[in-house]
């Protein structure tokens, strides 16, 4: 093979590789929920994994009560926070602790959680069953609370309607939202997961 033929082969191989790389990049981009949902935001969480308490993050091992003066609590809707506080007092009289594992979240923190869920579950579709986008998350609006420990979430699952607090997702025994008429009408039917809610 002469030099001219060798160059043509190298150019052809390089061109084919470049086209394949572009196709892979486009396929990956199309599988993500939206570019805005996964882009690094200009607000408080600039890099994945850097959320702070100011973003509503509650660090592992930190116990937060419904009365604590932290953004995850104070960012909640007033009526939701009041219902959680009433429920926590009654639960305590039953010997059960209710802790806030996650409450209000900044949009940036929600985007971080979505990126982490895509990495954990291997696809945007599976991640969407567990973590909403910043545009659709009730946590970002201050309208949702994740309750722990397990015994506390179970107690609230049994008694929450008395306070207007309802489980919303069948796959998330810890996630509660305010449904003020639940005390008289009961909690509405749960969604199977977060994707069913957004259909």
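The values are calculated or read from the model by the stated rules, or taken from the named source; none is laboratory data. Just so it is clear, the structure is predicted and the values come from calculations on it, not from any experiment. Neighbour counts run over all protein chains shown; Cβ positions are idealised from the backbone, glycine included.
Considering 130, 155, the condition of being modelled with pLDDT of 95 or more and either crowded, with 19+ Cβ neighbours inside 10 Å or outside any helix (DSSP H, G or I) (or both) is satisfied by 155 alone. The residues of region 29-75 that are surrounded by fewer than 18 Cβ atoms within 10 Å (Cβ to Cβ), within 17 Å of the chain's Cα centre (by Cα), outside any loop (DSSP other than H, G, I, E, B) and at pLDDT 50 or above, listed by number, are 53, 54.
Exactly one residue out of 76, 141, 156 is under 23 Å from residue 188 (Cα atoms) and in contact with a strand residue (DSSP E or B) (Cβ under 6 Å, 6 or more places away or on another chain): that is 156. As for region 87-101, it holds at least one residue that is in a loop (DSSP other than H, G, I, E, B), more than 21 Å from residue 56 (Cα to Cα) and touching a residue at least 12 places away in the same chain (Cβ under 8 Å). Please find, within region 162-194, the residue that is modelled with the lowest pLDDT out of those that are touching a strand residue (DSSP E or B) at 6+ places or on another chain (Cβ under 7 Å), over 19 Å from residue 149 (Cβ atoms) and not in a loop (DSSP other than H, G, I, E, B). The extreme case among them is 194. Here are some conditions: (1) over 14 Å from residue 176 (Cα atoms); (2) within 19 Å of the chain's Cα centre (by Cα); (3) surrounded by 14 or more Cβ atoms within 10 Å (Cβ to Cβ). Residue 90 meets all but one. Which one does it not meet? (2) is the only condition that residue 90 fails.
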